Structure formats: structure tokens, C-alpha cells
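Q: Have a look at this one before I ask anything.
The values are calculated or read from the model by the stated rules, or taken from the named source; none is laboratory data. Here the structure is a predicted model, which means the values were calculated and not measured. Counting neighbours? That spans all protein chains shown, and the Cβs are built from the backbone with ideal geometry, glycine included.
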Amino acid sequence: MIRCKKVVSACLFGAFLLSSCASPRTDPKVLVGQWMSYMRNRYTIQPGDRLRVSLEGQPDLTQEVVVDPKGRAAFLEVGSLDCSGMTLESLRKELKNRYAKHYSQPRVDVILLEPSEQVVYVGGEVRRGGEAIPYRPGMTLMRAILAAGGFMITAKPSEVILLRQDPEGKPLFYRIDTEKVAYEGGMDIPLLPNDAVFVQTSGVADVGNWVELYIRRLLPIQPGTVVGAYVGSSARN
């Protein structure tokens, strides 16, 4: 069942790769906006996350905290708080309400310094494709590709695919020209946890190569094996 799901996923992804060659490339500003929205409103705090909390005008209250295994963290002057499952924005609002008991109109900032065991995936024409790379706040597309060993000589940097999920869990595909980032000072793309990056080859439109790479290697029985066995048994009968 798992292998079948992989085959179906590969087929759908491959169909997108073949059709994406004619689609326009994604404006980096769209993805930057997604990243800002995700980090503010969708990222949920988990045990092991390291956060920095600051209060404007109160440098002594700036602190770094690690969410404990029970999902709690202790904050200066306002005590312990169960923050597991909260977004960064909801935690900021909760701390603002608590600090408002001590300070007039406090301005609180909450930043994720290091998440707990979250990853991004990089595959295709990179030197260490298929590895899960630990996600860090501020990780960008080019940094993830470099962490995967960089482009292979067969890569097409102008055709990089980014796959991520929308808030409802639906897959979103984006075409990105990383040559503009590397050689023209273009905007690098901030990644989100669980993003998948696929670096295409210059010959990705060659359906035969794609079938060999992404279909045959996933099938438990190679195409033609069953047919050949059946014909052979028929001939003996």
C-alpha cells in the first residue's frame, strides 16, 4: 500500500513537472509573504522549541526559553505558561495580556530561534538528494540546496520546483529560477518546515528518462517482468 502511494505520488508529481515547463515562474514576493504569514499565524509551538521573548523598553526581560517536554515554558515576572500548540502570535498576545498587569501598553515580541526536529526535503539533481535537512528559522531555498551538496552538473538551476501545503493541507507547486538568485542578486526564497525542493534536469521533458527515474524504481516488479513470465509459461503449456 505504501509503495502504491509512492507510485501515485510520483506520477502526480511527474505530471506536474512535465506541465510546469510552460507555466510562469513564481514571484519570490509571494513566497516571502507566505513565510511571514506562516511563522506568525500557522506555526505551532512544540516541546523542544527555543524561543526569544522581548519587551520593548525592558531589556532585562529579554530571555530565551526552551519549551519543556510537557509543553510549558517559564517567563520572567509572569510565570509558567502552557504554550504547546499555540501559534507565535497567540503566545505573543497572551504574554502581552500578562505583562499588561505590570507595565502600561507593553509591546511584546516572540521569535522562534530553533524549532524541534523539523525538516525540509531536497531531491533531484543535487549531490545528496533525498536527505531530510534539519529546518532552522531563516533557512532559504539556496541554503537548503547547498546543504544537500549543491547542484550537480546535470541540474537546471532555472527550473527548481518548490512543493508545500496550504493551510488546508492541499499541495502547492511553485517554479523558481535560482539563477536569478545566484547571479543576478534576486530574492532568495524563505522555506517553511516540511517544504520539498526538487531540482530538475535539463532533460526533464524526456518522458522516457522520467519513467526510468521515478516509476520503475518505485515498482516492486519491473514493467515487462510479469508479462514475460506469463508468455513463457504459456509457451511451455
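Residues checked against (1) outside any loop (DSSP other than H, G, I, E, B); (2) more than 20 Å from Arg128 (Cα to Cα); (3) of a type in the set (S, T, N, Q); (4) at pLDDT 50 or above:
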residue: Leu163; (1), (2), (3), (4): yes, no, no, yes
residue: Lys180; (1), (2), (3), (4): yes, yes, no, yes
residue: Met187; (1), (2), (3), (4): no, yes, no, yes
residue: Pro193; (1), (2), (3), (4): no, no, no, yes
residue: Ala205; (1), (2), (3), (4): no, yes, no, no
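Q: Within the set of pairs 6+ apart or on separate chains, which have a first residue in the stretch 89-109 that is under 12 Å from Val53 (Cα atoms), a second that is of a type in the set (A, V, I, L, M, F, W, C) and part of a helix (DSSP H, G or I), and C-beta atoms under 6 Å apart?
A: Once the first residue is under 12 Å from Val53 (Cα atoms) and sits in the stretch 89-109, its partners that are of a type in the set (A, V, I, L, M, F, W, C) and part of a helix (DSSP H, G or I) give Val108/Leu95.
Q: Could you tell me whether Gly85 is touching a Ser or Thr at 6+ places or on another chain (Cβ under 7 Å) and modelled with pLDDT under 95?
A: Working: touching a Ser or Thr at 6+ places or on another chain (Cβ under 7 Å): yes; modelled with pLDDT under 95: yes.
Against the criterion (touching a Ser or Thr at 6+ places or on another chain (Cβ under 7 Å) and modelled with pLDDT under 95), Gly85 qualifies.
Q: Taking Glu168 and the conditions (1) in contact with a strand residue (DSSP E or B) (Cβ under 7 Å, 6 or more places away or on another chain); (2) in a loop (DSSP other than H, G, I, E, B); (3) not basic (Lys, Arg), which numbered condition does it fall short on, given that it satisfies the others?
A: (1)
For (1) outside the structural domain of Ser80 (by TED's automatic domain parsing); (2) within 19 Å of the chain's Cα centre (by Cα), each residue gets a yes or a no:
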| position | (1), (2) |
| --- | --- |
| Val108 | no, no |
| Glu125 | yes, yes |
| Tyr135 | yes, yes |
| Leu141 | yes, yes |
| Met152 | yes, no |
| Gln165 | yes, yes |
| Leu191 | yes, yes |
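Q: Let me ask something additional. Go through the stretch 65-101 and report how many residues are within 29 Å of the chain's Cα centre (by Cα) and of a type in the set (Ser, Thr, Tyr).
A: 3
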